[in-house]
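All of the numbers you see were taken from the coordinates with simple rules; none came from a lab. Because the structure is a prediction, the values reported are computed rather than measured. Heads up, the Cβs are rebuilt from the backbone with ideal geometry, glycines too, and the neighbour counts pull from every protein chain shown.
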Amino acid sequence: MTAAPALAGKKITLCVAGSIAAYKAVLLARRLLAEGAELDVSLTASARAFIGPATFSGLTGRPVLGEMFAPDQAGEPHVVLGKASDLVLVVPATADALARFAHGRADDFTSALVLCAACPVLAAPAMHPSMWANPATVRNLAMLATDGRIRLIGPVAGAVASGDIGMGRMAEPNTIFDAVLRTLTERQTLRGVRLLVTAGPTTEDIDPVRYVGNRSSGKMGFAVAERAAELGAQVTLIAGPVSLPTPPGVTRVDVQSAESLRNALWHVLGGDLGGTDALVMAAAVADYRPAAASLTKLRRSDAPLTLELVPNPDLLAEIGRARRRTRPVLVGFALGTEDDADAVVTARRKLADKRVDFVVSNHADESIGRDDIRAVLVGPSDEEHVPFGPKRALADRILARVGSELAARRA
Ligand SMILES: Cc1cc2nc3c(=O)[nH]c(=O)nc-3n(C[C@H](O)[C@H](O)[C@H](O)COP(=O)(O)O)c2cc1C
């Protein structure tokens, strides 16, 4: 017996916008159809200047959509498709289309459909690097990130149609296809789970313009939040000062200092810790803060300046102590500069002292600020070595373990 194609029965609407990269949407359409997707295609008016409807209707066997007021049209196709689609894809997504989505415009078929969509929306931006870097586009993307309804695939750095090189080249059709497959076929292993994640550094004020901080980029915690949301969890992300977009579907709370992070944590947890099922403490919370922050800017002088630092509360230990039974599942991080054997000893001590369920032990050179990471997941009686790879891959291992811990508590 042969297995059913991966996308059999999945209704996908592919919206093509006006970029030279529109021809690549044909390759994507062919792969989606080959995997059994029921595909509708819409072309914006500009897209029709780049590629003809005959190509897509020939491939799909269906009329191509895209006109808001087609002469022989009945009903409201943007509403019908918005309800019926399992996924809406915008490939390529132009700067103008992204601007329309950010502002909730509905003056063409594609933006009206995106506004109506009751399913995930993936968009693959394609544009000249100058358009991508323009503050207006940056602003529009920030609004889309805050809304969290549209997930971007790419763009990537590389050569664009003009021959210029930079960020703005559309992700390759195979990369977009992989994202589609993940979105539509991944088992929702964390559906219904409430997950709280902390990420990034904290900054501790010296005076109104200076602070003590650390080099954490927040990428690990954001990867955990993003993957957890993709796996169906209800995710709250408490983020220190980082410049990363909010992963789609994630509720974000921004904080600065350890104290504000602590307040945000307890606000979500509630006094009885019943506000979440699991907590992943990936933030690099400052261990110390200046004893007193000056209310005015310290003036330069030739005399040495001594800064007195006092310890911040140990948030993980505080929550571990407050935990009466085994909920929430608690995951700590231990970042060190020692070798693996010593790091595991340190992690196991942290595990016992702070009463957490497992600790992600990692080396500063192999994690901080990077997109990839190597780590050891240290439990009370086991260690799992996760080889060098993307932070999303380590996030998957952490979340698989969180899932097992929750299942063990339900058993
Ligand atoms: C030759 C040519 C290539 C273009 N390529 C792009 C592109 O890659 N990305 C983009 O955002 N706009 C590009 N544009 C501009 C868009 O086509 C234009 O902003 C259009 O209004 C977008 O409409 P749409 O978003 O409804 O498809 C291009 C225009 C021309 C004439």
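Contact list please: Cβ distance under 9 Å, first residue in the range 194-220 and free of Cβ contacts under 8 Å to residues at least 12 places away in the same chain, second residue aliphatic (A, V, I, L, M), pairs at least six apart or on different chains.
Every condition considered, the pairs that remain are TYR211/ALA293.
What's the number of the only condition in (1) part of a loop (DSSP other than H, G, I, E, B); (2) buried (at least 18 other Cβ atoms within 10 Å of the Cβ) that ARG262 fails to meet?
For ARG262, the failing item is (1).
Taking the range 21-50, which residues are over 17 Å from ILE176 (Cα atoms) and surrounded by fewer than 17 Cβ atoms within 10 Å (Cβ to Cβ)?
Within the range 21-50, ALA45, SER46, ARG48, ALA49 qualify.
Within the range 16-61, which helices (runs of 4 or more DSSP H) (wholly inside it) include 3 or more residues that are within 28 Å of the chain's Cα centre (by Cα)? Walk me through how you get there before you give the answer.
On the way: elements: 22-34, 47-50, 53-60.
Here the list reads 22-34.
Among the residues that make up the range 299-318, is at least one of them closer than 19 Å to ALA223 by Cβ and either free of Cβ contacts under 8 Å to residues at least 40 places away in the same chain or in a helix (DSSP H, G or I) (or both)?
no
Just give me the residues in the range 229-243 being without any contact (Cβ under 8 Å) to a residue 40 or more places away in the chain and out of contact with any strand residue (DSSP E or B) (no Cβ under 7 Å at 6 or more places or on another chain), in sequence order.
If the condition is that a residue be without any contact (Cβ under 8 Å) to a residue 40 or more places away in the chain and out of contact with any strand residue (DSSP E or B) (no Cβ under 7 Å at 6 or more places or on another chain), then SER243 is the only one that fits.
Give THR94, THR110 a once-over and let me know the one that is surrounded by 17 or more Cβ atoms within 10 Å (Cβ to Cβ), among the hydroxyl-bearing types (Ser, Thr, Tyr) and in contact with a Cys (Cβ under 9 Å, 6 or more places away or on another chain).
On the way: THR94 fails: in contact with a Cys (Cβ under 9 Å, 6 or more places away or on another chain).
Every option except THR110 fails the conditions.
Is it the case, given these coordinates, that ALA47 is of a type in the set (Gly, Ala, Ser), within 11 Å of the ligand (Cβ to nearest atom) and in contact (Cβ under 8 Å) with a residue 40 or more places away in the chain?
Against the criterion (of a type in the set (Gly, Ala, Ser), within 11 Å of the ligand (Cβ to nearest atom) and in contact (Cβ under 8 Å) with a residue 40 or more places away in the chain), ALA47 does not qualify.
Among the helices (runs of 4 or more DSSP H) lying completely within the range 90-137, list those that include at least 3 residues that are near the ligand (Cβ under 8 Å from one of its atoms) and in contact with a helix residue (DSSP H, G or I) (Cβ under 9 Å, 6 or more places away or on another chain).
Per the criteria, 95-102.
Of the residues PHE109, PHE69, PHE101, which is within 23 Å of the chain's Cα centre (by Cα) and either without any contact (Cβ under 8 Å) to a residue 60 or more places away in the chain or over 25 Å from ASP178 (Cβ atoms) (or both)? Please lay out each step first, then the result.
Working: PHE109 fails: within 23 Å of the chain's Cα centre (by Cα); PHE69 fails: within 23 Å of the chain's Cα centre (by Cα).
Of PHE109, PHE69, PHE101, the one residue that is within 23 Å of the chain's Cα centre (by Cα) and either without any contact (Cβ under 8 Å) to a residue 60 or more places away in the chain or over 25 Å from ASP178 (Cβ atoms) (or both) is PHE101.
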